[in-house]
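Asker: Sharing a structure here in structure tokens format.
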Amino acid sequence: MYLSNIKSPHDIKGLSTEKLNELAEEMRQALLAKLSAHGGHVGPNLGMVEATIAMHVVFDSPNDKIVYDVSHQSYSHKMLTGRAEAFLDPAEYDSVTGYTNRQESEHDFFTVGHTSTSVSLACGLAKARDLKGRRENIIAVIGDGSLSGGEAFEGLSNAAEAGTNMIIVVNDNEMSIAENHGGLYRNLQLLRESGGEAPCNYFRSLGLDYVYVDEGNDIATLIETFRRVKDCPHPVVVHIHTLKGKGYAPAEKEKERFHWSMPFDLTTGKVKVSEEGEDYGELTGAFLLDEMQRNRQVVAITSGTPTVFGFSPERRQKAGRQFVDVGIAEEHAVALASGIAAGGGCPVYGVYSTFLQRTYDQLSQDLCINNNPAVICVFAASVWGMNDVTHLGLFDIPLLSNIPNMVYLAPTSKEEYFAMLRWGMQQTDHPVAIRVPGNGVISSNVPVDTDYSDLNRYKTTQQGDTVAIIAAGSFYALGESVADLLHKQEGITPTLINPRYLTGIDEAMLDGLKKNHRLVVTLEDGVLDGGFGEKIARYYGPCNMKVSNYGVRKEFVDRYDVSELLAANRLTAPQIVEDIASLLHQA
């Protein structure tokens, strides 16, 4: 067995092609053993095994610097750079992240989880190298649909202009997360079909040298190619045609399903733990497809993640022209939605909170200044969302709630969510974003409003005194728990408020609380700094009302346990009640 003895890339440089192929098989089996038990990115990593081996045979990492785009193609890289035990020993599975990480290894140059960044980052490394008069190779690896992101074009354009050593490995597995979309990928197809000889060549048009490798999973061919471009004095694209999911039949057949997977049965490929109960993504997809059949102006938009709001391949086919996947291009998705709304259409953009961060300029300039009535459904915006440091969904409230004209709604139940979604799609006065609840699908027997046109009107769900709890969205259930515990322990029946709107304050309600309340507590499922609670605190600043804001402190947390994060931020009902009692006793 070779893999268990590899402590650095130097350990594979003397191996024959036959032994390197044996190593590739060991690595692929280690990947499948871990991923089937632990979950993670399956297809992207299975397809990159041979290319990763070839790069580490030819280049001298960490002197030569390899930058991985998205970095969910970096598992094999980790195996060859001293972290093999994290893939061989189940007890060590959690010792590494799913992305490159500067804290893990000198062979990782950036902590990166978002797409389309590697060429730009590599351009920076190349510039620093040139300024210092060094001569190492800079290698950017990009693939899995990442070329559709605008930053990828900006990086490629700059690389050509810089005119110095940079090797850009384009991993072309014919897929994004789902199928590829956009005219660029037609050119990649043309290049594949012509063996790289087509005169119409996207990369050459930018001024980049170009090499095509059809056998992108053949180690000997890859080594020969990388040796040919090593130390090249100008930028060159090495376009490798690989097979996503290579070596595991279910992943080769169902490439979208195995882009990322929960733990699965190796024999059948089926997920081991079935997700029970309702799911907002699935519910949203069914709702929007039904609305499309009623109204031909409804358009569902995704930026490379169609299943975020339930658009399976079957639903995409049924939706036809009313479904648009722009590829991994969130900025374009927001501007597209604004344009559709300006033209009288009804666009609904479904996106993960972590990826919406890339769209601030388009949200402000293209959408909100023009006040176009697009709808944005923001998923995984919660402590219960993604928890890798590169994929946190905790920063959307400060981002969205402070842009003029935006209406950001925080539903507390399934019924309220769909009432808000219907209203957002029917109204024509504002851009509307909806923070999809992150604490599971909770149904409520309480009637919900159907019209939210009277902006920033909070809803009192329990009338009390002394303490008012304003609990937004996913944290409304926490507010209910705090209210119950406060009554049991302190004999106080607090007022409980569902604010519904994150983008403004209900001044009339807040003024009314001054009459018989001493403390206002705000609860929000995100970072406190710049968030919803601070708006309340600022309003009460000139008066004697005490305000206590609860949320998550501003920090980059990584692979956290939700219960531990909540406790560390005093976001459990007993902790909050303890704080309330202490504040009241101080007065």
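The values are calculated or read from the model by the stated rules, or taken from the named source; none is laboratory data. Keep in mind it's a predicted model, so treat the numbers as computed, not measured. Glycine also receives a Cβ, built like all others from the backbone with ideal geometry; neighbour counts cover every protein chain displayed.
Asker: Please determine whether any residue of the stretch 219-234 is within 29 Å of the chain's Cα centre (by Cα), assigned by TED's automatic domain parsing to the domain that holds H72 and touching a residue at least 60 places away in the same chain (Cβ under 8 Å). Break it down into steps so the answer makes sense when it comes.
Answerer: Taking the stretch 219-234 first, the residues within 29 Å of the chain's Cα centre (by Cα) are none.
Looking for residues that are within 29 Å of the chain's Cα centre (by Cα), assigned by TED's automatic domain parsing to the domain that holds H72 and touching a residue at least 60 places away in the same chain (Cβ under 8 Å), one finds none in the stretch 219-234, hence no.
Asker: Do you know which residues across the stretch 224-248 are more than 26 Å from D130 (Cα to Cα) and among the aromatic types (F, W, Y)?
Answerer: Y248
Asker: Here are E92, E22: which of them is part of a helix (DSSP H, G or I), touching an Asp or Glu at 6+ places or on another chain (Cβ under 9 Å), free of Cβ contacts under 8 Å to residues at least 24 places away in the same chain and within 30 Å of K270 (Cα to Cα)? Quick ask: steps written out before the conclusion?
Answerer: Values: E22 fails: touching an Asp or Glu at 6+ places or on another chain (Cβ under 9 Å).
It is E92.
Asker: Looking at the stretch 276-294 only, could you name the residues that are charged (D, E, K, R) and more than 19 Å from A381 (Cβ to Cβ)?
Answerer: Step one: filter the stretch 276-294 for residues charged (D, E, K, R), giving 276, 278-279, 282, 290-291, 294.
Scanning the stretch 276-294 gives E276, D290, E291, R294.
Asker: Moving on. Pairs only if they're at least six apart or on different chains, beta carbon under 8 angstrom, first in the stretch 36-51 and free of Cβ contacts under 8 Å to residues at least 40 places away in the same chain, second small (G, A, S); list them, first residue then second.
Answerer: Listed by first residue and then by second, the contacts come to N45/S74; N45/S76.
Asker: Now, a different point. Would you say G163 is in contact with a strand residue (DSSP E or B) (Cβ under 8 Å, 6 or more places away or on another chain), at positive phi and either surrounded by fewer than 16 Cβ atoms within 10 Å (Cβ to Cβ) or of a type in the set (F, W, Y) (or both)?
Answerer: Details: in contact with a strand residue (DSSP E or B) (Cβ under 8 Å, 6 or more places away or on another chain): yes; at positive phi: yes; either surrounded by fewer than 16 Cβ atoms within 10 Å (Cβ to Cβ) or of a type in the set (F, W, Y) (or both): yes.
Criteria met by G163.
Asker: Do we find that A567 is surrounded by fewer than 17 Cβ atoms within 10 Å (Cβ to Cβ), among the small types (G, A, S) and either modelled with pLDDT of 95 or more or within 23 Å of A381 (Cβ to Cβ) (or both) in this structure?
Answerer: Here the answer is yes, as A567 does meet what is asked.
Asker: Return yes or no: is T284 closer than 28 Å to S36 by Cβ and polar (S, T, N, Q)?
Answerer: For T284, the condition - closer than 28 Å to S36 by Cβ and polar (S, T, N, Q) - is not met.
Asker: Inspect the stretch 44-51 for any residue being of a type in the set (V, I, T), in the same structural domain as G247 (by TED's automatic domain parsing) and either more than 24 Å from E224 (Cα to Cα) or modelled with pLDDT under 95 (or both) and give the result as yes or no. Lay out the reasoning, then the answer.
Answerer: Within the stretch 44-51, the first condition is being of a type in the set (V, I, T), and the residues that meet it are 49.
Cutting the leftovers down to in the same structural domain as G247 (by TED's automatic domain parsing) gives us 49.
Now narrow it down to the ones that are either more than 24 Å from E224 (Cα to Cα) or modelled with pLDDT under 95 (or both): none.
For the stretch 44-51, residues of a type in the set (V, I, T), in the same structural domain as G247 (by TED's automatic domain parsing) and either more than 24 Å from E224 (Cα to Cα) or modelled with pLDDT under 95 (or both): absent.
Asker: If N387 satisfies every condition in (1) more than 30 Å from T97 (Cα to Cα); (2) in the same structural domain as E330 (by TED's automatic domain parsing); (3) not aliphatic (A, V, I, L, M) but one, which is the exception?
Answerer: All conditions are met except number (1).
Asker: Just name the residue that is farthest from H77 (Cα to Cα) out of those in the stretch 1-18 that are in a loop (DSSP other than H, G, I, E, B) and of a type in the set (S, T, Y). Lay out the reasoning, then the answer.
Answerer: So in the stretch 1-18, the residues in a loop (DSSP other than H, G, I, E, B) come out as 1-2, 6-8, 13-16.
Filter again for of a type in the set (S, T, Y), leaving 2, 8, 16.
Working: Y2: 15, S8: 10, S16: 19 Å.
Here the residue is S16.
Asker: Ok, one more. Given N158, N165, which one is in contact with a Cys (Cβ under 7 Å, 6 or more places away or on another chain) and either within 19 Å of D60 (Cα to Cα) or not assigned by TED's automatic domain parsing to the domain that holds A51 (or both)?
Answerer: One residue alone meets the criteria, N165.
Asker: Does the stretch 549-569 hold any residues that are more than 18 Å from N439 (Cα to Cα) and part of a loop (DSSP other than H, G, I, E, B), and which are they? Spell out how you get there, then give the answer.
Answerer: Restricting attention to the stretch 549-569, the residues satisfying the condition of being more than 18 Å from N439 (Cα to Cα) are 549, 553-558, 568.
Result: R553, K554, E555, F556, V557, D558.
Asker: Checking the condition assigned to a loop (DSSP other than H, G, I, E, B), crowded, with 17+ Cβ neighbours inside 10 Å and out of contact with any strand residue (DSSP E or B) (no Cβ under 6 Å at 6 or more places or on another chain), which residue from G113, G98, G155 passes? Walk me through how you get there before you give the answer.
Answerer: Working: G98 fails: out of contact with any strand residue (DSSP E or B) (no Cβ under 6 Å at 6 or more places or on another chain); G155 fails: assigned to a loop (DSSP other than H, G, I, E, B).
After ruling out the rest, the residue left standing is G113.
Asker: Taking helices (runs of 4 or more DSSP H) that do not extend beyond the stretch 184-253, which have at least 2 residues that are touching a helix residue (DSSP H, G or I) at 6+ places or on another chain (Cβ under 9 Å) and buried (at least 20 other Cβ atoms within 10 Å of the Cβ)?
Answerer: Working: elements: 202-205, 219-229, 249-253.
Of the helices (runs of 4 or more DSSP H) lying wholly inside the stretch 184-253, those with at least 2 residues that are touching a helix residue (DSSP H, G or I) at 6+ places or on another chain (Cβ under 9 Å) and buried (at least 20 other Cβ atoms within 10 Å of the Cβ) span 202-205, 219-229.
Asker: How many of the residues in the stretch 452-482 are of a type outside the set (F, W, Y), closer than 20 Å to L510 by Cα and surrounded by fewer than 24 Cβ atoms within 10 Å (Cβ to Cβ)?
Answerer: Counting residues in the stretch 452-482 that are of a type outside the set (F, W, Y), closer than 20 Å to L510 by Cα and surrounded by fewer than 24 Cβ atoms within 10 Å (Cβ to Cβ) gives 14.
Asker: Hey, could you check the stretch 117-134 for residues that are part of a loop (DSSP other than H, G, I, E, B) and without any contact (Cβ under 8 Å) to a residue 12 or more places away in the chain and say which is surrounded by the fewest Cβ atoms within 10 Å (Cβ to Cβ)? Let's see the steps before the verdict.
Answerer: Kept after step one, since they are part of a loop (DSSP other than H, G, I, E, B), are these residues of the stretch 117-134: 117, 133-134.
From what's left, without any contact (Cβ under 8 Å) to a residue 12 or more places away in the chain: 133-134.
Working: G133: 6, R134: 9.
Result: G133.
Asker: Any residue that is of a type in the set (D, E, K, R), surrounded by 17 or more Cβ atoms within 10 Å (Cβ to Cβ) and closer than 23 Å to F287 by Cβ - is there at least one of those in the stretch 421-438? Before you say what the answer is, go through the steps one by one.
Answerer: So in the stretch 421-438, the residues of a type in the set (D, E, K, R) come out as 422, 429, 435.
Next, only the ones that are surrounded by 17 or more Cβ atoms within 10 Å (Cβ to Cβ) stay: 435.
From the residues that got through so far, the ones that are closer than 23 Å to F287 by Cβ too are 435.
Looking for residues that are of a type in the set (D, E, K, R), surrounded by 17 or more Cβ atoms within 10 Å (Cβ to Cβ) and closer than 23 Å to F287 by Cβ, one finds at least one in the stretch 421-438, hence yes.
Asker: Sticking with this one: Suppose we filter the stretch 267-306 for residues that are within 24 Å of the chain's Cα centre (by Cα), touching a residue at least 60 places away in the same chain (Cβ under 8 Å) and in a helix (DSSP H, G or I); how many remain?
Answerer: Summing the residues that are within 24 Å of the chain's Cα centre (by Cα), touching a residue at least 60 places away in the same chain (Cβ under 8 Å) and in a helix (DSSP H, G or I) in the stretch 267-306 gives 7.
Asker: Could you look through the stretch 168-183, keep only residues that are at pLDDT 95 or above and either hydrophobic (A, V, I, L, M, F, W, C) or outside the structural domain of V211 (by TED's automatic domain parsing) (or both), and pick out the one that is surrounded by the fewest Cβ atoms within 10 Å (Cβ to Cβ)?
Answerer: Step by step, filter the stretch 168-183, then rank; the result is V170.
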